[in-house]
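Down below is the structure, laid out as structure tokens.
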Amino acid sequence: MKRLSHIGGDGRAQMVDVSAKPLSARTAVATGEIKLAQKTLDLIATNKIAKGNVFATARIAGIQAAKRTPQLIPLCHTIPLSDVKIDIVSLPDGAEVTCTAKTVAQTGVEMEALTGVCIALLTIYDMCKAVDKQMEISGVRLLEKIKAAIVVGRDRRTRRK
């Protein structure tokens, strides 16, 4: 059985040392869904939820959450996010949230993508809870993670006289 990287030889939780790893371009895509009543979907579509524009607010909340992941999950590394996108699509019975996070770092960006999805979904829940008592969040999962080596080439800057 494979050893868990966050557990030290003495059994205590530890942050993984990534200092010897090279920088890589990394992308992670996560998704999740929320079931909503048709009445709620109609209110969202016509921007009549009392708290404001639900999907716009959820999008911003998801981006902010991805940026704060290491403050929420104790053993996550602080990594520089180069891009975070939150896409929200209405479904016949709810909405699907997808978060794509990108970085150039020594460790992956999956936790940021998953955190972005979770907080965007929770924001939708919070904004709609007064009108929909049957909401259900489900299917939060990582869809894809990509790691690409960074190729260091010649400096292509041109000199100006």
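The values are calculated or read from the model by the stated rules, or taken from the named source; none is laboratory data. Note that this is a predicted model, so its numbers are computed, not measured. Here the Cβ positions follow ideal geometry from the backbone for every residue, glycine too, while neighbour counts run over all protein chains shown.
Would it be correct to say that residue 57 is modelled with pLDDT of 95 or more, touching a strand residue (DSSP E or B) at 6+ places or on another chain (Cβ under 8 Å) and surrounded by 13 or more Cβ atoms within 10 Å (Cβ to Cβ)? It is false that residue 57 is modelled with pLDDT of 95 or more, touching a strand residue (DSSP E or B) at 6+ places or on another chain (Cβ under 8 Å) and surrounded by 13 or more Cβ atoms within 10 Å (Cβ to Cβ). What do you reckon, is residue 36 modelled with pLDDT of 95 or more, buried (at least 18 other Cβ atoms within 10 Å of the Cβ) and out of contact with any helix residue (DSSP H, G or I) (no Cβ under 9 Å at 6 or more places or on another chain)? So residue 36 fails the test. Just one residue in the set 91, 81 is within 21 Å of residue 48 (Cβ to Cβ), modelled with pLDDT of 95 or more and among the aliphatic types (A, V, I, L, M); that residue is 91.
Checked against (1) modelled with pLDDT under 95; (2) over 19 Å from residue 141 (Cβ atoms); (3) crowded, with 20+ Cβ neighbours inside 10 Å, residue 75 meets all criteria but (3).
Cβ-Cβ contacts under 8 Å between residues 6 or more apart (or on different chains), taken from a first residue in segment 99-128 that is closer than 15 Å to residue 60 by Cα and modelled with pLDDT under 95 to a second residue that is among the polar types (S, T, N, Q) and assigned to a strand (DSSP E or B), are absent. Of everything in segment 112-145 that is under 13 Å from the mean Cα position of the chain (by Cα) and among the acidic types (Asp, Glu), the residue that is surrounded by the most Cβ atoms within 10 Å (Cβ to Cβ) is 112.
The numbered conditions (1) surrounded by 19 or more Cβ atoms within 10 Å (Cβ to Cβ); (2) within 24 Å of residue 136 (Cα to Cα); (3) within 13 Å of the chain's Cα centre (by Cα) are all true for residue 84 except (2). Residues in segment 61-93 that are farther than 22 Å from residue 108 by Cα and free of Cβ contacts under 8 Å to residues at least 24 places away in the same chain: 2 in all.
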